[in-house]
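All of the numbers you see were taken from the coordinates with simple rules; none came from a lab. Everything quoted here is computed from the prediction, not taken from an experiment. Here Cβ is always computed from backbone atoms with ideal geometry, including for glycine, and neighbour counts include all displayed protein chains.
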Amino acid sequence: MTDFTPVEMMTIAAARALSSDDVCFVGIGAPSAACNVARLTHAPDITLIYESGTIGVAPDVLPLSIGDGELCETALTTVSVPEMFRYWLMGGRISIGFLGAAQLDRFGNINTTVIGDYAHPKVRLPGGGGAPEIASSCGEVFITLRQAQRAMVEKIDFFTSFGHGEGGNHRERLGLTTKGPTLLITDYAIWRPDPETKEFTVRRLHQGVTREQVQDTCGWKIRFADDLDETPPPTDLELGTLRDLQARTTAAHQRMV
Amino acid sequence: MAQFLSLSEAIRQNVNDGDTVAFEGFTHLIPHAAGHETIRQRFRDLTLLRMTPDIIYDQMIGMGMARKVVFSYAGNPGVGLLRRMRDAIENRYPRAIATVEHSHSAMAQAYEAGASGLPMAVFRGYKGADLIKVNPEIRSVTCPFTGEELAAVPAHRPDVTVIHAQKASRKGDVLIEGIIGVQKEAALAAKRVVVTVEEVVPDFKGLHPNLCILPHWTIDAVAVVPGGAHPSYAHGYYERDNAAYLEWDRISNERALFQQWMEDNVLSVGPEVFAERVAGLRR
């Protein structure tokens, strides 16, 4: 299949990174779509958890918020929010945390708190919610983001969620024992941190995307892998599953409106 | 001991100017009718505790009732930003507000500590996060057994917690089901508790033995307000009014439009309008 959008490719590439063995803490938006496409295609036994306390959800349509009734109705169990953060997240039972970002730097540090100074912000964003501890307590962190100069910056204005800090062994120095960000999936490329420096490096370009396009939409000078290759395009099954899910979601939300 | 009161009386007897109040409900069962009653009674200088300030606190902040907001995620869920809260933070309109910002994990565990009668919550968190630099209430303790450095935040002890629930028994015991959020912890952490409910049933006999129930002796006032969570939802009763959340983005974006909306939909009506608002959302 050749006719797909960059965002569809991003969502499907993110879905492919998940398996039936994963226990995944899901954010709203692209992460939610990716996790559910994985569940509906190659990872039927994946455990999806939303921070509202819903564990093992299988929604027929994508939720608009992390606390939609659909999540609770399809969940294996629903626990209180303190239990969610204590036993399940802090207890180390979640293998993958899936996060988005307003601002991201080359070491996977995320800002969703403010643009500008904290005390006198240019833009007050919603803030971290569960993200600071998702970033430190999940086994590893996947990030999805649409590329833009204002989103991928040399220096983020606020460390909402710690990635690899200054790079290298910064996590270890802080006493963090989890892996942190191990995968960045954008609408143009798939990135992984360099094993030593921890700087995100482009490993794969999505079909039809050039190095220049990736660089022009990123605020730092990008490193490309020596063995750079191409993301396989979406299969009919992947694209069909994503589009059906989105059509069901739109229909359901319109019905309620 | 729970007293059945009208909503206006329940709020009047339990909320005071300058109180620290927690209106809780995590996306689900947000006590909007009680929020509107609190706005109608024009309380001042409140400290507002809530994980997700949401529309309910955007309205109170926009009406100038808040002195301080303690929170962990200030968004309109599934839509975007909270525009009245932003206006207060960015432009000090209609008044400046102090903010104390946490993560969800910290907020949830601060309620749990309050419910447990402990002075603080201890947990593994905030590592490398800049909130430590801007919130002096985030500190650390060293585990006396392992030497691990852990985050510590003070327990939440609201003067009053307000929640919405599905059912009360005739005695005033309260049943919450679905996404239960932090309501039990927030209620048990508070000095006084006000609960609005969808309906009153004779008792909870024959139901599952492990349901989330607050006994009547943990509650001060119960008010029956069908639809009282609108535009959030009540599991088993009515669905979330997603259109209202989208609409709020437009209403809250303009100061004058916001004032007019509050006048028409909050100040000049009573709690009985909530039943009509959910009529089309019932299953």
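May I ask which residue of B:T146, B:F274, B:I219 lies farthest towards the positive end of the charge dipole of chain B, with charges of +1 (Lys, Arg) and -1 (Asp, Glu) on Cβ and the Cα centre as origin?
Positive-end residue among those listed: B:T146.
Across all directions of projection, what mean area in square nanometres is found for the Cα convex hull of region B:39-105?
Over every viewing direction, the Cα hull of region B:39-105 projects on average to 4.2 nm².
Mind computing the radius of gyration and Dmax over the alpha-carbon atoms of region A:114-191? Å is fine for both.
In order Rg, Dmax, the Cα atoms of region A:114-191 give 13.5, 35 Å.
Mind giving me the FRET efficiency for A:R150 and A:D229? R0 is 41 Å, r the Cβ-Cβ distance, nearest 0.05 is fine.
It comes out at approximately 0.90.
Compute the Rg/Rh shape ratio of chain A: radius of gyration over Kirkwood radius, all on alpha-carbon atoms.
0.95
Label points 7 Å out from Cα along the Cβ direction at B:L267 and B:N91: separation in nm?
1.9 nm
Rounded to the nearest Å, what's the spacing between the alpha carbon centres of region B:73-131 and region A:19-66? Just the number, please.
Rounded to whole Å, the Cα centres lie 26 Å apart.
For region B:190-217, list residues with backbone N below 15 Å from a point placed 7 Å from the Cα of B:R170 toward its Cβ?
The answer is B:200-205, whose backbone nitrogens lie closer than 15 Å to the label point.
Obtain the radius of gyration and the Kirkwood radius of region B:104-154 from its C-alpha atoms and give Rg over Rh.
0.96
Using a cut-off of under 19 Å, list every residue of region B:162-178 whose amide N is near the label point 7 Å from the Cα of B:F4 along the Cα-to-beta-carbon line.
Residues B:163-176 fall inside that zone.
Under 18 Å from a point placed 7 Å out from the Cα of B:V122 along the Cα-to-Cβ direction: which residues of region B:156-195 have their backbone N that close?
B:156
Measuring from label point to label point, each 7 Å out along Cα→Cβ, what is the A:E172 to A:D117 span in nm?
Distance between the two pseudo-spin positions: 3.8 nm.
How compact and how long is region A:5-115, expressed as Rg and Dmax of its alpha-carbon atoms in Å?
In order Rg, Dmax, the Cα atoms of region A:5-115 give 13.9, 39 Å.
With only Lys, Arg, Asp and Glu charged, each at its Cβ (+1 for the first two, -1 for the last two), find how big the charge dipole of region A:6-252 is about the Cα centre; round to the nearest 20 debye.
520 debye
Let me check the size of the protein assembly as shown from its C-alpha atoms; what are the radius of gyration and Dmax in Å?
Gyration radius and largest Cα-Cα distance of the protein assembly as shown: 23.0, 72 Å.
Which residue, B:G181, B:G227, B:G236, tops the fluctuation ranking in a GNM of chain B built on C-alpha contacts under 10 Å?
The residue with the greatest mean-square fluctuation here is B:G236.
Could you tell me the extents of region B:142-283's C-alpha atoms along the three principal axes, largest first, rounded to whole Å?
Here the Cα extents, ordered largest to smallest, are 58, 43, 27 Å.
Pick out, from A:T112, A:T197, B:T20, the residue whose Cα sits farthest towards the positive end of the charge dipole of the protein assembly as shown, with +1 on the Cβ of Lys and Arg and -1 on the Cβ of Asp and Glu.
Among A:T112, A:T197, B:T20, the one farthest towards the positive end of the dipole of the protein assembly as shown is B:T20.
Principal axis extents for region B:1-148, Cα atoms only, whole Å, descending order, please.
52, 43, 29
With only Lys, Arg, Asp and Glu charged, each at its Cβ (+1 for the first two, -1 for the last two), find how big the charge dipole of the protein assembly as shown is about the Cα centre; round to the nearest 20 debye.
1060 debye
In deg cm²/dmol and to the nearest 500, what is the mean residue ellipticity at 222 nm of the protein assembly as shown if only DSSP H runs of at least 4 residues count, each as -39500 (n - 2.57), divided by the residue total?
Helices in the protein assembly as shown give a 222 nm mean residue ellipticity of -7500 deg cm²/dmol.
From the C-alpha gyration tensor of region A:41-170, pull out the three semi-axes of the equivalent ellipsoid (sqrt of 5λ each), sorted largest to smallest, in whole Å.
Working through the eigenvalues yields semi-axes of 28, 16, 15 Å.
How large, in Å, is chain B by the Kirkwood hydrodynamic radius built from its alpha-carbon pairs?
For chain B, inverting the mean 1/r across all distinct Cα pairs yields 19.2 Å.
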